[in-house]
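Following: one structure in structure tokens, then a few remarks.
The values are calculated or read from the model by the stated rules, or taken from the named source; none is laboratory data. Quick caveat, the model's predicted, so the values are computed rather than measured. So basically every Cβ, Gly included, is an ideal-geometry build from the backbone, and we count neighbours across all protein chains shown. Just the protein is used for accessible areas: all its heavy atoms, side chains included, with ligands, DNA and RNA removed. Shrake-Rupley method; radii C 1.70, N 1.55, O 1.52, S 1.80 Å.
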Amino acid sequence: MLTSSAVPRLMDVNELADLWRVSPHTIRAWVQQKRLTPTRICRRLLFHPDECARFLAAGNSEAQRTVNEE
């Protein structure tokens, strides 16, 4: 049986935008450009932590710069 800690928490557009200190519009633009891949549940865009790490590792400087400032 999976415990709640074994299941990764998905972030929505607003949570990810707050974390990376960019606008939700920027997150949606990256999805539109296929630079960031969401998990779609109904019409919601949700982001897996592994996808967020892949995006940052790919050298997306705008998001990386805001994460490194913390």
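For the range 9-24, residues that are touching a helix residue (DSSP H, G or I) at 6+ places or on another chain (Cβ under 8 Å) and either assigned to a helix (DSSP H, G or I) or open to solvent by 60 Å² or more (accessible area, probe 1.4 Å) (or both) total 9. Of all the numbered requirements in (1) surrounded by 11 or more Cβ atoms within 10 Å (Cβ to Cβ); (2) modelled with pLDDT under 95, residue 69 misses one, and that requirement is (1). Look at the range 43-58: where a residue is within 18 Å of residue 28 (Cβ to Cβ) and modelled with pLDDT under 95 and a partner is assigned to a strand (DSSP E or B) and of a type in the set (A, V, I, L, M), sitting 6+ places away or on another chain with Cβ atoms under 8 Å, you get 52/11. Residues that are part of a loop (DSSP other than H, G, I, E, B) and closer than 17 Å to residue 60 by Cβ within the range 25-46 comprise 33, 34, 35, 36, 37, 38, listed in sequence order. Among residues of the range 25-57 being open to solvent by less than 70 Å² (accessible area, probe 1.4 Å) and small (Gly, Ala, Ser), the one that is nearest to residue 11 (Cα to Cα) is 53.
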